[in-house]
C-alpha cells in the first residue's frame, strides 16, 4: 500500500490549512496517510553558524526521514504576509540542509487556503517556483478561497470547488 505524508505549513492548533490537508488526504483512496504537526518539529531558527557548530537538530532529521519514507505528499501552505509561515520556513530551511533534494521527486499535491478570496495565491506562487529547485514533483495545485464560506463540518461545501479538488486528487493518486 502506498503511503503519503500530509501536513499544513502552519503551527496553529486551529489551522485551516491542516483541516484542508487532512480532508484531502481522506479523498485519496487506497493509501495510508500520516498527518504531521509542525509543532512536533520545532527547532532553533536556522543559521549557518548553528549548523556548523551544532550540526542538524534531531527534529530536522526526523522530518526528512518522514519525507523519505513516503510515496507522495499532500501539503497545504498557510500564507503569512504573502509568504510561508515562519514555522514552515524554518523547518524547510533545516530540512533542505539535511537533504537538498527535500521532496525527492515524489508526487506532491500542493494546496493553500485562507479566509480571503485569493486562497493563499501568493504562497502557492512562491512554492511553485521554489519547491521544484528542491526536487518537488508538483503534479497538481489547489487553492480554496474564502475558507470559512467554503468549508464546514470537515469538508468543502461548494460543489464546484469540491469537484475541482477531486480532479486534483485523481491526478495525484494516479502519479503515486
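Every number in this text was worked out from the coordinates using simple rules, so none of it is lab data. Remember, predicted model here, so these are calculated numbers, not experimental data. Heads up, the Cβs are rebuilt from the backbone with ideal geometry, glycines too, and the neighbour counts pull from every protein chain shown.
Anisotropy class assigned to the stretch 58-100 is oblate, per the alpha carbon gyration tensor with a/c at or over the 1.5 cut-off and a/b no larger than b/c.
Structure remark: mean-square fluctuation, Gaussian network model of the chain, C-alpha springs under 10 Å; the largest value among 11, 81, 90 belongs to 81. Arranged from fewest to most other beta-carbon atoms within 10 Å of their beta carbon, 123, 28 become 28, 123. Computed over the chain, relative contact order equals 24 percent, with contacts defined as Cα pairs under 8 Å that lie 6+ residues apart.
When the chain is treated as a GNM with alpha-carbon contacts under 10 Å, the residue of 16, 45, 138 showing the greatest mean-square fluctuation is 45. The modelled label-to-label distance for the pair residue 71/residue 105, using points 7 Å beyond Cα in the direction of Cβ, is 1.8 nm. Taking a ≥ b ≥ c as the square roots of the eigenvalues of the Cα gyration tensor, the chain is prolate, since a/c reaches 1.5 or more and a/b is larger than b/c.
The angle between the Cα long axis of helix 121-130 and the longest principal axis of the Cα atoms of the chain comes to about 50 degrees, rounded to the nearest 10. What residue among 87, 160, 140 shows peak mean-square fluctuation when the chain is described by a Gaussian network model with Cα springs under 10 Å? The residue that fluctuates most here is 160. When 104, 110, 77, 166 are sorted by how many other C-beta atoms sit within 10 angstrom of their C-beta, beginning with the fewest, the order is 166, 104, 110, 77.
Can you give the extra length, in nm with one decimal, that the chain gains between residue 47 and residue 121 once fully stretched, where that is 0.36 nm per residue apart less the Cα-Cα distance? Let's see the in-between values first.
Numbers: separation 74, 0.36 × 74 = 26.64 nm, distance 2.85 nm.
So the extension gain works out to 23.8 nm.
Can you give me the Cα centroid spacing of the stretch 51-72 and the stretch 154-176 in angstrom? What the calculation gives is 30 Å, centre to centre. Each label was represented as a point 7 Å from its Cα along the Cα-to-Cβ direction; for residue 149 and residue 62 these points are 4.0 nm apart. Estimate the FRET efficiency between residue 37 and residue 163 by the formula 1/(1 + (r/R0)^6), using the beta-carbon distance for r and 25 Å for R0, to the nearest 0.05. So the FRET efficiency works out to roughly 0.30. Per-residue Cβ neighbour counts within 10 Å put 22, 14 in the sequence 14, 22, beginning with the fewest.
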